[in-house]
Amino acid sequence: MSRRRCSKPSCNGAAASTLTYVYADSTAVLGPLATYAEPHCYDLCQMHSERMTAPIGWEIVRITPDPDALKPTSDDLEALADAVREAARPRYQPDAEPPPLPSGSVEVARRGHLRMLTSVDLPEVPLDQLFDEDFEPR
Ligand SMILES: [Zn+2]
């Protein structure tokens, strides 16, 4: 496929990746073999790619080509992060609609966030009785 060779002197290995120096960021980017040989890019064989060390004060960013193709894309990761944030969001929202009533219940009174419920199966209790001071809920 590629006839390019490792840039290291005395190495005759086939080029496996391309090293690019980003001088502004003091970063060496070791990535997939570049399509075209460019100035400031150095092709490295597999062995020298793995052994490569950055000059003092430089960082190496390794971009592994093939295995990453099977991993989730950054879009997938963003979607996952959004889902996690969504799940972590507090459930209680003061202005939101109250949750559905339990089945078999009807709402008979509401005071702020407190709701008084009664079961439709129970004998009906007059509303005024519900608010009597000595009313004991069952
Ligand atoms: Zn080499």
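Annotation note: Cβ proximity below 7 Å between a residue of segment 18-35 that is closer than 13 Å to Q46 by Cβ and a residue that is surrounded by 14 or more Cβ atoms within 10 Å (Cβ to Cβ) and modelled with pLDDT under 85 (sequence gap 6+ or interchain) occurs for T18/A34.
Here is a yes/no grid of residues against (1) at pLDDT below 90; (2) buried (at least 16 other Cβ atoms within 10 Å of the Cβ); (3) away from the ligand (no atom under 13 Å from the Cβ):
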{"site": "S2", "(1), (2), (3)": "yes, no, yes"}
{"site": "L19", "(1), (2), (3)": "no, yes, no"}
{"site": "Y23", "(1), (2), (3)": "yes, no, yes"}
{"site": "Y36", "(1), (2), (3)": "yes, no, yes"}
{"site": "C45", "(1), (2), (3)": "no, yes, no"}
{"site": "G57", "(1), (2), (3)": "no, no, yes"}
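The values are calculated or read from the model by the stated rules, or taken from the named source; none is laboratory data. Because the structure is a prediction, the values reported are computed rather than measured. No Cβ is skipped: glycine too gets one built from the backbone with ideal geometry, and neighbour counts run over all protein chains shown.
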